[in-house]
Each structure stands twice: as structure tokens, then as C-alpha cells.
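Enquirer: Can you read through this structure? Questions will come right after.
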Amino acid sequence: MQEFSIVYKPKYGKTPMEETYTYDSQMVQFLYRELSARDAVEMSHMIEEDSEISAGFSNLLFSKAQLPKVQFNPSPSVLHNILQYSAKTALEAHF
């Protein structure tokens, strides 16, 4: 996994604050099926072969399962406005 270190240096103060984050964006992309086929196969092999990566991926799967299942539906007026705008721009494209 990649490590990123961020050092915060306050404008007034003596010691900087350092925070270290470990984050692997490819694992998140794999979780949401956003990787290319080749990269997905590579990530799958890495998860199978490396116990640390496998544990991290399991944690991501668990975390994703804990997210609320929310669906947002636009109001009828919003849909109407979008359709009107689409029709207007389609007409403008013909002229």
C-alpha cells in the first residue's frame, strides 16, 4: 500500500503536526469495479497472494456493506426542467 505523509505547519506555533495516511486507490476502484480488465485481474491476484492486501480488501468490503443504502430520486419539477433544457439545446444544435 502507498503511504502519504502530510505535514501541517501552523502559521503561529512551534511544532508541526504530522499525519500519515495509508490509502490504495486501486483497491477502492477494484471494489467498485472501476478498473480495466487487466488491472482488475492483477488486483485479484494481489488480493489472493498477499495476506495484508487481502485483509485490507476485506475491511473495505465490510465498510462498504455498512454504508447506508440510499437512493435519491429527483422531483418531477427537476425532471421537467432537465427535459426542457435538453429539448432546447437539441433545437439550438440544429440551427
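The values are calculated or read from the model by the stated rules, or taken from the named source; none is laboratory data. Because the structure is predicted, anything quoted here is derived from the model rather than measured. Because the Cβ atoms are built from the backbone with ideal geometry, glycine has one as well, and the counts that use them run over all protein chains shown.
Enquirer: Given Lys64, Lys69, which one is under 18 Å from the mean Cα position of the chain (by Cα) and surrounded by fewer than 10 Cβ atoms within 10 Å (Cβ to Cβ)? Break it down into steps so the answer makes sense when it comes.
Expert: Working: Lys64 fails: surrounded by fewer than 10 Cβ atoms within 10 Å (Cβ to Cβ).
None of the other options fit; the residue is Lys69.
Enquirer: Quick test for you: out of Tyr12, Tyr8, pick the one residue that is modelled with pLDDT under 90 and in contact with a strand residue (DSSP E or B) (Cβ under 7 Å, 6 or more places away or on another chain).
Expert: Tyr8
Enquirer: Considering each of Ser25, Ser36 in turn, give the residue that is at pLDDT below 90 and small (Gly, Ala, Ser).
Expert: Of the residues listed, the single one that is at pLDDT below 90 and small (Gly, Ala, Ser) is Ser25.
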